[in-house]
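Reviewing the structure listed below.
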Amino acid sequence: MWDFPFFPDQASTVAPEVDAVYFVLIGLAGFFMLIIAGAALFFLIRYRKGSDADRSNPVTNNWKLEAFWIGVPFLMAMGVFFWGAQKYFEIQEIPDDAVEVFVLGKQWMWKVQHPQGKREIDELHVPVNRPVMLRLASQDVIHSFFVPEFRIKQDVVPGRYTTVWFEATKPGRYRLMCAEYCGTGHSRMRGEVVVMSQADYAAWLEGGETEETLAQRGEKIFNRAGCSGCHATDSASRAPMLTGLYGQRVQLESGETVVADEAYLRDSILLPQKHIVAGYEAIMPSYQGQLSEAEVFALVEYIKSLGRESEP
Ligand code: HEC
Ligand SMILES: [Cu+2]
């Protein structure tokens, strides 16, 4: 719809709304720039040295005028603020039915893992007209996941998960970039988001050699890394059972309770001293530096799958 070649296409549900806020802001800024620069220019010429302008009886104060030019821009600024904030909150709200994808940023590539098993590098395949939620982690420094056509940009911060979601509205290929300077190869840290029809996407997920799911990969890591030695599914003596843990409230030794979400599971593996489960000793070793964030994604997905199986 925009013929300006530098203007990215609007290819997600939020793109038109983000653009509306943006254009109103640009419009207001342009309007005030014209008034202020115009007035400055006018007075500059009219009252220049040697002009015969009337300089008798200068106005020293005019309360009504001042109240007007303070009040009106104030209301405009607050209007834009509340409008933008409301949109921001709406955009933060992740739809319940979103497709979940794990995305790892590292110097200098994007590594993508789909729960169904597909893995890709510098490409992200998603279905059209369905909300997609990305769980983002970094293996090294801060990166930023930016898809201009979707109007989304989310920092990917080491040591924690961040999330972002979008719903693509047009099939096609869109630029994916890193928008946070992250070292020598930053400018090469780009990829493509491939938006497919829902049928093509389903076929794509199934296609290729039949790979194991992310949860199955997690189960292997669980056994290989020695987690199963303590967290055996049949005994809860040394370490808590992980079956059904996901989404539950966990009572901690400190007296607090926390919800066992993805971030909690990640911290339990990499920073086990951060939350100690009530009734257990803090004997779990940290896996920081032993397991990559990609492996932790798989473990988290495996622990989540244990929860689902136990549901009636
Ligand atoms: C040496 C035994 C041991 C090993 C090995 C071990 N854990 Fe643990 N784990 C524990 C104990 C004890 C706790 C409870 C105390 C605490 O919170 O640190 C625990 C807690 C947890 C929790 C939080 C459980 C809850 O109920 O909230 C998770 C998740 C977890 N471990 C996952 C893992 C994973 C994944 C691995 C392998 C990468 C692993 N553990 C390896 C002993 C172990
Ligand atoms: Cu980067």
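The values are calculated or read from the model by the stated rules, or taken from the named source; none is laboratory data. Being a predicted model, the structure only gives us computed values, none of them experimental. Heads up, the Cβs are rebuilt from the backbone with ideal geometry, glycines too, and the neighbour counts pull from every protein chain shown.
Of the numbered conditions (1) in contact with a Gly (Cβ under 8 Å, 6 or more places away or on another chain); (2) exposed (fewer than 13 other Cβ atoms within 10 Å of the Cβ); (3) acidic (Asp, Glu), Asp122 satisfies every one except a single condition; which is it?
It fails just one condition, (2).
Restricting to the range 159-188, give me the number of residues that are aliphatic (A, V, I, L, M) and in contact with an Asp or Glu (Cβ under 8 Å, 6 or more places away or on another chain).
Step one: of the range 159-188, the residues aliphatic (A, V, I, L, M) are 164, 168, 176-177, 179.
So of that shortlist, the ones also in contact with an Asp or Glu (Cβ under 8 Å, 6 or more places away or on another chain) come out as 176.
Total satisfying the criteria: 1.
Checking Ser268 against (1) among the small types (Gly, Ala, Ser); (2) more than 7 Å from ligand 1 (Cβ to nearest atom); (3) modelled with pLDDT of 90 or more, which test does it fail?
Every condition holds for Ser268 apart from (2).
Does Val156 meet the test of being touching a Leu at 6+ places or on another chain (Cβ under 6 Å), of a type outside the set (D, E, K, R), closer than 30 Å to Thr243 by Cα and surrounded by 16 or more Cβ atoms within 10 Å (Cβ to Cβ)?
Working: touching a Leu at 6+ places or on another chain (Cβ under 6 Å): yes; of a type outside the set (D, E, K, R): yes; closer than 30 Å to Thr243 by Cα: yes; surrounded by 16 or more Cβ atoms within 10 Å (Cβ to Cβ): yes.
Yes, satisfied.
Scanning for something without any contact (Cβ under 8 Å) to a residue 24 or more places away in the chain, assigned by TED's automatic domain parsing to the domain that holds His143 and not hydrophobic (A, V, I, L, M, F, W, C), does the range 109-125 turn up at least one residue?
Yes, the conditions are met somewhere in the range 109-125.
Name the residues in the range 125-140 that are at pLDDT 95 or above and out of contact with any helix residue (DSSP H, G or I) (no Cβ under 8 Å at 6 or more places or on another chain), would you?
Correct list: Pro131, Val132, Met133, Leu134, Leu136.
Between a first residue in the range 248-265 that is touching a residue at least 40 places away in the same chain (Cβ under 8 Å) and a second residue that is aromatic (Phe, Trp, Tyr) and part of a loop (DSSP other than H, G, I, E, B), which pairs have beta carbons less than 9 Å apart while being 6 or more apart in sequence or on different chains?
As it stands, the answer is Glu262/Tyr161; Glu262/Tyr246; Ala263/Tyr161, since those pairs meet every condition given.
Output the qualifying pairs, or none if there are none: Cβ atoms under 6 angstrom, residues six or more apart or on different chains, first residue in the range 204-219 and in contact (Cβ under 8 Å) with a residue 60 or more places away in the chain, second residue part of a helix (DSSP H, G or I) and among the acidic types (Asp, Glu).
Leu214/Glu301; Ala215/Glu301; Gly218/Glu301
Which residues, taken from the range 83-101, are of a type outside the set (Gly, Ala, Ser) and surrounded by 10 or more Cβ atoms within 10 Å (Cβ to Cβ)?
As a first pass, look at the range 83-101 and keep what is of a type outside the set (Gly, Ala, Ser): 83, 86-97, 99-101.
Listed by number, the residues that qualify are Trp83, Gln86, Lys87, Tyr88, Glu90, Ile91, Gln92, Ile94, Pro95, Val99, Glu100, Val101.
May I ask you to say which residue of Gly183, Gly255, Gly191 is crowded, with 19+ Cβ neighbours inside 10 Å and either within 16 Å of ligand 2 (Cβ to nearest atom) or farther than 24 Å from Gln113 by Cβ (or both)? Show your work before the answer.
On the way: Gly183 fails: crowded, with 19+ Cβ neighbours inside 10 Å; Gly255 fails: crowded, with 19+ Cβ neighbours inside 10 Å.
Testing whether each residue is crowded, with 19+ Cβ neighbours inside 10 Å and either within 16 Å of ligand 2 (Cβ to nearest atom) or farther than 24 Å from Gln113 by Cβ (or both) leaves just Gly191.
Is it the case, given these coordinates, that Gly207 is more than 12 Å from the chain's Cα centre (by Cα), surrounded by fewer than 18 Cβ atoms within 10 Å (Cβ to Cβ) and within 16 Å of ligand 2 (Cβ to nearest atom)? Write out each step before concluding.
Details: more than 12 Å from the chain's Cα centre (by Cα): yes; surrounded by fewer than 18 Cβ atoms within 10 Å (Cβ to Cβ): yes; within 16 Å of ligand 2 (Cβ to nearest atom): no.
No.
Restricting attention to the range 277-297, and to residues there that are modelled with pLDDT of 90 or more and in contact with a strand residue (DSSP E or B) (Cβ under 7 Å, 6 or more places away or on another chain), which single residue is surrounded by the most Cβ atoms within 10 Å (Cβ to Cβ)?
The residue in question is Phe297.
Can you tell me which residues in the range 87-131 are part of a loop (DSSP other than H, G, I, E, B) and within 16 Å of ligand 2 (Cβ to nearest atom)?
Quick first cut of the range 87-131, residues part of a loop (DSSP other than H, G, I, E, B) only: 93-98, 107-108, 114-118, 122, 128-130.
If the condition is that a residue be part of a loop (DSSP other than H, G, I, E, B) and within 16 Å of ligand 2 (Cβ to nearest atom), then Gln107, Trp108, Asp122 are the ones that fit.
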